[in-house]
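Quick note: the coordinates plus some simple rules give every number you see, no bench work behind them. Just so it is clear, the model here is predicted, and its values are computed rather than measured. With ideal geometry, Cβ positions are generated from the backbone for all residues, glycine too; neighbour counts draw on all protein chains shown.
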Amino acid sequence: MGLSGRLARWAGPRPLLVATPYGTRPRLHAEAEIARRRWHPAAAPAAASLLVVCGLATGELATAVAEVWESMPDPRTRTDLPPDAGPTEVSHALDEVAARLAGGGMGVSGGGAMAGYGGDHGGGMEMPGGIGMAGRGEDRDGLRLEVLHVPLGPVLADWPGGLVVDATVQGDVVQEAAVRVVGADLGADEPFWDEPWHKAQSGERVPRGAAERRGAAERLDGMGRLLAVAGWPAAARAARTLRDRMLMDRPAAGLAAEFARFERRVRGSRALRWMLRGIDAGQDDVLGYALRSLDVVGAALDRMDDDTPLPANRPDPGSTHDRLPALLAGAELAAARLIVAALDPRTEAAGGHG
Amino acid sequence: MPLRKGAAALGVILAFPVVLGGLALAAAVLDSRTRGTGWAGPLREAARLLGQRRRRTVAADGLLVTAGVCALLTAATLAGTAVLPLGERPLADLAVGVVWFNAMEVAVWAALWLTGWGANSFYPLVGGYRFLAQGLAYELPHMFALITVAVGAGSLRVPEVVAAQRGLWFAVAMPVAFAVYLLSALAMAFWGPLGGPLGVDVAGGVRAELSGPDLLIFQAGRYALLAVAAAAAVPFFLGGGAGPGLPAWAWTLVKALAVLALLVWAGRRTAGLRMDRFTEASWLVLIPAMLLQLLVTATVAVAAR
């Protein structure tokens, strides 16, 4: 291995994670492992050198992943983590791709124009390069601005796996939105967050505490996305660390102290309150959703040692997909992302949506 | 004698890139440390980007992107010539040093807009929009803060601004201006809570389509800009090189690093500020507060004359 190889090995990869509807388990392991290795996750394909597909990308999601792969610069490499991958498996897979990348990566393609990341310009006059000019239309504030048709997702940092919002955008204001889920047609696997309930349903004896733990971790996972999208990466990291500890079956007493610190920090942030208040997310504003998530985690912590068996029938969490289009219309892009993060729609078992 | 003068001038010219580079690297290292990617994070990222091929989007305006990316580093460098700590005098001791600093830092507007627009892609474009909105929110309070400094010193020349603080640092004499300056320093370097133009919610915003050397230069420019914004607080508000024991250049470096550390630390403490909310506060609170500060400072300056 020459100097450039050694340099590449030392530099390490910059991973871009692709979440899929049934890929929660490998995603959690990959996020934890990437943080442990001090790799810096990329927010877009251009900066990334390693594509980590968490779970199976099928159907339209596979096409989107292929496009993202095409738009990554060389040297690059890709790994597909199976939906049931455990921590050691994930760690091995990352070792392997890091080594491959140091050796020059794979899929070295020739030059030529690459597809723009998500920028699909609609209608209008033909341009050299084969893309139409954006058309214009009246916007929310009575200005005539370019109308762009942009799919938000499915491959986007801190975004629910498989979710696609087909947005009509002027400036950075979403005028219209349609919501669908891709890559969820594979309904064989149970959703990761519902695992204790599924076990209980199939007759196994599951302590109630296990379901509380899983539910609290799901809330913290959503909090991580919300805080990241709210531009507070340090707090997002804290939420994810807590989430991982919940799932590692740490004793509830130690977790409670850690969570209390985290909760104080989030509740005490005036900037966060100022920015999240009043963004309509349906039943409540985004701030209300965030604070309620904290309440739910706090309550779950009290019941984590509950050893009574879990009943077989779970209360239906309900779908939030149908409410999204109306809420997103008229929102600025930043607010739209906050609304999606607050509602945190489940993308598993949503095959009917597309 | 002319020879010694020449050698001294050469020394100052050579010291400038070393100081600028050192401060920018310090900013990058502090940033990486607080982000959890370790002390060596920036050097590893630089090594990676040097080996990464450049990639451009369909029908991108390559010239605009290149101009924007290079303008960021250039603007930071040129702003630094007037304010960076190099002993008693900065590299370019202009009669209008304060205005020069402000003018160069306004070039950042163009740099970000060109980079965001040129990529012909949605997220960088939104990042560009965001920075323009941010400019509207922070630039006026920022300019009033600089004007207050100039009024307090009765001069636009940076060494004279430093000399005017012999009795009392401007950070104490005009605390509102100092606070507003620190906030606008975060805004002009689109850092921390004011990092919306590069937000993760828009897939990295302005820099979403940058790769390889483009991204490396862009990042270097951003860290240099933050370093210069922090360093400028020293001659403007913290008495320049004044201090016991150490030589002037050492004191200015120590103070610049302290401000830099404060900015990086503060940037991690709080959620991002969106301009649809922040602009209102900026115009209704920060600008009136700055005008009051300016009035007080001007009254004191006239009375002292």
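Spacing of the modelled spin labels on B:Leu132 and B:Thr279, each 7 Å from Cα toward Cβ, amounts to 1.1 nm. Once both labels are positioned 7 Å from their Cα atoms along Cα-to-Cβ, the gap between B:Leu140 and B:Ala46 label points is 4.0 nm.
Across segment B:177-292, the mean sequence separation of Cα contacts (distance under 8 Å, 6 or more residues apart), normalised by length, yields a relative contact order of 31 percent.
Only DSSP H runs of four or more residues enter the estimate; each adds -39500 (n - 2.57), and after division by the residues of the protein assembly as shown the mean residue ellipticity at 222 nm equals -18500 deg cm²/dmol. Both radii are taken from the alpha-carbon atoms of chain A; with Rh as the Kirkwood radius, Rg/Rh is 0.98. Treating r as the C-beta distance of B:Thr299 and B:Arg166 and R0 as 25 Å, the FRET efficiency rounds to 0.75.
For segment A:228-273 and segment A:5-81, write down the distance between their C-alpha centroids in whole Å. Spelled out, the Cα-based centre of one part sits 25 Å from the other.
Taking B:Pro159, B:Pro17, B:Pro42 as the candidate residues, the one with maximal mean-square fluctuation in a Gaussian network model of chain B, Cα springs under 10 Å, is B:Pro17. Based on alpha-carbon atoms, the Kirkwood radius and the radius of gyration of the protein assembly as shown give Rg/Rh equal to 0.99.
Our summary of shape: the Cα atoms of segment A:204-347 have principal axis extents of 48, 33, 19 Å, ordered from largest down, in whole angstrom.
Where a ≥ b ≥ c are the square roots of the eigenvalues of the C-alpha gyration tensor, would you call segment B:225-305 rounded, which needs a/c under 1.5, or, failing that, prolate if a/b is larger than b/c, or oblate?
Oblate, since a/c reaches 1.5 and b/c is not below a/b.
Semi-axes of the equivalent ellipsoid of segment B:2-304 are 31, 24, 17 Å, computed as sqrt(5λ) over the eigenvalues of the C-alpha gyration tensor in descending order. Taken as Cα centroids, segment A:279-319 and segment B:177-206 sit 34 Å apart, rounded to the nearest whole angstrom. Values of log10 I(q)/I(0) for segment B:1-108 across q = 0.12, 0.20, 0.21 Å⁻¹ run -0.62, -1.14, -1.17, by the Debye formula with one identical scatterer at each alpha carbon and no solvent.
Spherically averaged projected area of the convex hull of Cα atoms, segment A:3-102: 5.8 nm². Note: relative contact order over segment A:3-102, using C-alpha pairs below 8 Å and six or more positions apart, is 37 percent. Spin-label model, B:Trp265/B:Ile13: points 7 Å from Cα along the beta carbon direction are separated by 3.9 nm. Estimated from the Cβ-Cβ distance and a Förster radius of 51 angstrom, the FRET efficiency linking B:Ala103 and A:Arg261 is about 0.65.
Give me D for segment A:9-53 in µm² s⁻¹, whole number, from Stokes-Einstein with Rh from the Kirkwood sum over alpha-carbon pairs, 25 °C and 0.890 mPa s. Here the translational diffusion coefficient equals 226 µm²/s.
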